[in-house]
Amino acid sequence: MTAVADDFTRLYGRAPDGVWAAPGRVNLIGEYTDFNDGFVLPLALPHTAVAAFARRDDGVLRLHSADVPGPLVELRADDLTPLSPYGHGGWAAYVAGVFWALRGAGHPVAGADVHLASTVPTGAGLSSSAALEVVTALALDELYGLGLAREELARTAQRAENAFVGVPCGVMDQTASACCTEGHALFLDTRDLGLRQVPLDLAAHGLRLLVVDTRVKHALGDGAYARRRAGCEEGARALGVRALRDIDHAQLPGALAELPDATVRAYVRHVVSDNHRVRRVVDLLDAGNVRAVGPVLTEGHASLRDDLEVSCAELDLVVRAACGAGALGARMTGGGFGGSAVVLVEEAGADAVSLAVEEAFAKAGHTAPRIFPAVASAGARRLS
Ligand code: ADP
Ligand code: MG
C-alpha cells in the first residue's frame, strides 16, 4: 500500500489524495449463469489491485501500472473513445473506461493521476480486470463525492468492460469485487442485483478451498463465449422466457424436450442445472453442511465439461487428480478454456491433494500450476 503511494509520489511529484484497493474473485458455483439472469456465488480473494489517485480538474488523465513496463499513458477525458487502441497501454482501457462510463452517466469526473499495482494474477480467471475497474470506480466515487451505491459502481465497471474495452462479460466479477465482505460468499441474483452475504468460514469446519491456476491463459476473444451466449439466448427464445433463469429446475425435462437443437439443449441443461446448484450450495452452507458442497462442485464441473464444453485438459486433470487424492469436490471456475479451478479439501488433506495435482501436471508435461488457498476476503475499500 505504502509502496504504491511512494511510487505515485516519485512518478507524479506530489502525494496522492488517497489509496484504494479492490479484490479479484473466485466463483464457488454458478458458471455462465450471469448472462442468463441467473445466480452466482463468488467470494473475494485476498489478492487486490491497489491504486493511488490524485484528482485533476483540467480534463487530463494520466495512468501508470507498476506491472506493465513503459511510460505513463496520458489521455484527455473529453477524447475517450470506446474500443480505441492504447498501444503499449492496452491495459489503460480498463481504467479509462470507468472514467468514460461515469462521464456518460453525467458524473463530473474531470481527470486524475493514477498509479496502480496488483497482486491478482492476470488472465487466470480471477478477475484482475474487474479489480482494476472497481478500484477506479470506488476511487472516483470518493474523490468526486458521487455517492454511488456499491451495486452502481459494479454496473458502471461492467459498462466500462462491455462497451469501452469491448468484453461482453456479465456483472458477477465487478459485483463481487465491489460488494463481497470478509468471511462470506456473495449470493447474487444477477437479474436485479439482489444479494445476500452467506457465511463461509471454512477453517471453522476444518476445511480449505484451494485455487489451482492452471497457467493456461484463458482467451475468450475467439467467439467461444459469444457462441454460448447466443445459444442460451436462442434457448430462452425457443422456450418463450425472458432468460433461462425463468426455467425452474423441475421444468427442465419438459423444456429440453421442446428443443430440437442438441447444442442449445446442452447449454440450457447446463444453465438451468447450475442455477439449481447455486441454490443447493447456499442451502448447504446455511445449514452448516459444508462438506456436502464438494460433490455439487464436481457435478458442476461435469456439466461445464460435457454440456457447455468450456473446460480443457488441464482443468479436467485438476478435478480428476484432486478428487482421486481425497478432495471433497472440485470444478473449473470462471470462463474456462484454461484459467483456474477450485478444490474443496479437508485441511488435513490439503497438502496431499496439492501434491497429487502437481504430480499429475508434471507427469502430463504441463506447466506447474500455481496453488493457493482462497480465504473469503473484503470487497473494495479505501486503504488511506
Ligand atoms: P482476468 O480478468 O481473468 O484476469 P482479463 O483478460 O479479463 O483476465 O483481464 C486481464 C487484463 O487486465 C490484462 O491483460 C491487462 O490488460 C489488465 N490488467 C490486469 N491487471 C493489471 C495490472 N496490474 N496492470 C495493468 N493492467 C492490468
Ligand atoms: Mg476479466
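The values are calculated or read from the model by the stated rules, or taken from the named source; none is laboratory data. Predicted model, so just to flag it, every value in this text is computed and none were measured. Positions of Cβ are generated from backbone atoms using ideal geometry, with glycine treated the same way; all protein chains shown enter the neighbour counts.
Tabulated values for the structure
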| item | result |
| --- | --- |
| The range 147-170 - residue that is surrounded by fewer than 18 Cβ atoms within 10 Å (Cβ to Cβ) and more than 13 Å from ligand 2 (Cβ to nearest atom) and, of those, farthest from residue 130 (Cα to Cα) | 147 |
| Residue under evaluation residue 165, criteria (1) within 17 Å of residue 42 (Cα to Cα); (2) modelled with pLDDT under 95, criterion not met | (1) |
| Test: residue in the range 171-185 that is away from ligand 2 (no atom under 16 Å from the Cβ) and either within 24 Å of residue 311 (Cα to Cα) or assigned to a helix (DSSP H, G or I) (or both) | yes |
| Residue among 127, 118 that alone is within 9 Å of ligand 1 (Cβ to nearest atom), on the phi > 0 side of the Ramachandran plot and either in contact (Cβ under 8 Å) with a residue 24 or more places away in the chain or over 22 Å from the mean Cα position of the chain (by Cα) (or both) | 127 |
| The range 240-264 residues that are under 14 Å from residue 307 (Cβ atoms), paired with ones that are surrounded by fewer than 18 Cβ atoms within 10 Å (Cβ to Cβ) and among the aliphatic types (A, V, I, L, M) (beta carbon under 8 Å, 6 or more apart) | 259/238; 264/238 |
| Test for residue 299: is it within 23 Å of residue 226 (Cβ to Cβ) and not polar (S, T, N, Q) | no |
| Complete set of residues in the range 51-84 that are β-branched (Val, Ile, Thr) and either buried (at least 23 other Cβ atoms within 10 Å of the Cβ) or assigned to a loop (DSSP other than H, G, I, E, B) (or both) | 68, 81 |
| Scan of the range 272-308 for residues that are of a type in the set (Asp, Glu) and buried (at least 21 other Cβ atoms within 10 Å of the Cβ), ordered by number | 274 |
| Members of the range 114-131 that are β-branched (Val, Ile, Thr) and within 11 Å of ligand 2 (Cβ to nearest atom) | 120, 122 |
| Pair list, Cβ < 6 Å and 6+ apart or interchain, from the range 158-179 residues that are of a type in the set (Asp, Glu) to residues that are surrounded by 24 or more Cβ atoms within 10 Å (Cβ to Cβ) and part of a loop (DSSP other than H, G, I, E, B) | 173/127 |
| Hey, residue 211 assigned to a loop (DSSP other than H, G, I, E, B) and either of a type in the set (S, T, N, Q) or buried (at least 20 other Cβ atoms within 10 Å of the Cβ) (or both) or not | no |
